[in-house]
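Participant: Okay, here's the structure, questions in a sec.
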Amino acid sequence: MPPGHLNPPAPVADAVGLVTDLTAWFGSSGRDLPWRRTRDPWAILVSELMLQQTGVARVEPRFHAFLARFPTPAACAAAPAGAVVDEWQGLGYNRRAVNLHRAAVAVVTDHGGALPTTLAGLLALPGVGPYTARAVLAFAHEQPVACMDVNVTRALSRLAGRPIDQATADGLAVTAEEHAPGGAWAWNQAAMELGATACRPRPDCAACPVAHRCVWTGSGAPDPWIRQRPQSRFEGSDRQGRGRLVDALRRAAVSETDVPAAMGWPDDVERATRVAATLLADGLAVLDDRTGTWRLP
């Protein structure tokens, strides 16, 4: 039983049948994605950070380009953080690039250039949370742990007819390791594939290979606990201004007086100053007080 659980998690009905059916479907119908063809922990970490809040179509070409430039943690750590931010262009949420660089530095400094192979070791890396750490264990090392992103949580919760917790999901991964074709690696990939394709917020139950096992569908689809909050509006947001300034810095240094215009707010210096300061705090930009210019770190 996982530590911290006073009672074992409630079982999922016919877990063996579920993991067998879903992994078999994935084996014949899963998308051929580049991060599914590797067991390199660094490549897996890169893909997972890129895929956070960014679609597969945008990530795939950037994944190849990034690894061509930074094929190892050591190559990434040896470069300035600004080079990593530059290579992140087109993916958005640029703070992930800074976190990836910080993680690479920690891997080189503290782990001899190889990513840790334990959950605790991975969680100690900058910018690596529980989901990402488990993804590295599951997809690079094929350990029987469950990766619970929002798509997987939604799909498994619908199948079980109740919110699924990490302990129950880990139990399914162990069941898959013991019974399913491809083991826990294939199970995690299959659960992600299901949540990203058929079992979306507005599901296509006709395309679901395990709809006959879905408690949620059989009970009339009452899902107040699986609705996702709509993402905040990007147009006109502080996030858009941050992104504009980072894009400008990718091209060249920006003088302090030109920062508001670069952010799209030439007449709102106060807002530009406030939001630009968050880039400094996040390590996405540096300000040379001597010359009054902004640049990538």
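Participant: Name the one entry in ALA140, ALA120, ALA114, ALA133 that is surrounded by fewer than 23 Cβ atoms within 10 Å (Cβ to Cβ), without any contact (Cβ under 8 Å) to a residue 24 or more places away in the chain and either closer than 30 Å to GLN240 by Cβ or of a type outside the set (Ser, Thr, Tyr) (or both).
Facilitator: ALA120
Participant: Taking the criterion of being under 17 Å from the mean Cα position of the chain (by Cα) and closer than 30 Å to PRO163 by Cβ, would at least one residue in region 72-93 satisfy it?
Facilitator: yes
Participant: Please determine whether any residue of region 16-35 is under 15 Å from the mean Cα position of the chain (by Cα), at pLDDT 95 or above, surrounded by 20 or more Cβ atoms within 10 Å (Cβ to Cβ) and among the polar types (S, T, N, Q).
Facilitator: No.
Participant: Now for a different question. Could you list, in sequence order, all residues of region 250-285 that are at negative phi and touching a residue at least 60 places away in the same chain (Cβ under 8 Å)?
Facilitator: ARG250, ASP282, LEU284
Participant: Report yes if THR197 is under 23 Å from the mean Cα position of the chain (by Cα), among the polar types (S, T, N, Q) and surrounded by fewer than 22 Cβ atoms within 10 Å (Cβ to Cβ), otherwise no.
Facilitator: yes
Participant: With the condition kept exactly as written, say whether any residue in region 164-178 is at pLDDT below 95 and not in a helix (DSSP H, G or I).
Facilitator: Yes, the conditions are met somewhere in region 164-178.
Participant: Does VAL46 fit the bill of being surrounded by 17 or more Cβ atoms within 10 Å (Cβ to Cβ), out of contact with any His (no Cβ under 7 Å at 6 or more places or on another chain), at pLDDT 95 or above and part of a helix (DSSP H, G or I)?
Facilitator: Against the criterion (surrounded by 17 or more Cβ atoms within 10 Å (Cβ to Cβ), out of contact with any His (no Cβ under 7 Å at 6 or more places or on another chain), at pLDDT 95 or above and part of a helix (DSSP H, G or I)), VAL46 qualifies.
Participant: Take GLY182 and tell me if it is touching a residue at least 24 places away in the same chain (Cβ under 8 Å), under 25 Å from TYR93 (Cα atoms), surrounded by 16 or more Cβ atoms within 10 Å (Cβ to Cβ) and assigned by TED's automatic domain parsing to the domain that holds VAL150.
Facilitator: no
The values are calculated or read from the model by the stated rules, or taken from the named source; none is laboratory data. Treat the numbers as computed from the prediction; the structure is a model and nothing was measured. Backbone-built Cβ (ideal geometry, glycine too); neighbour counts: all protein chains shown.
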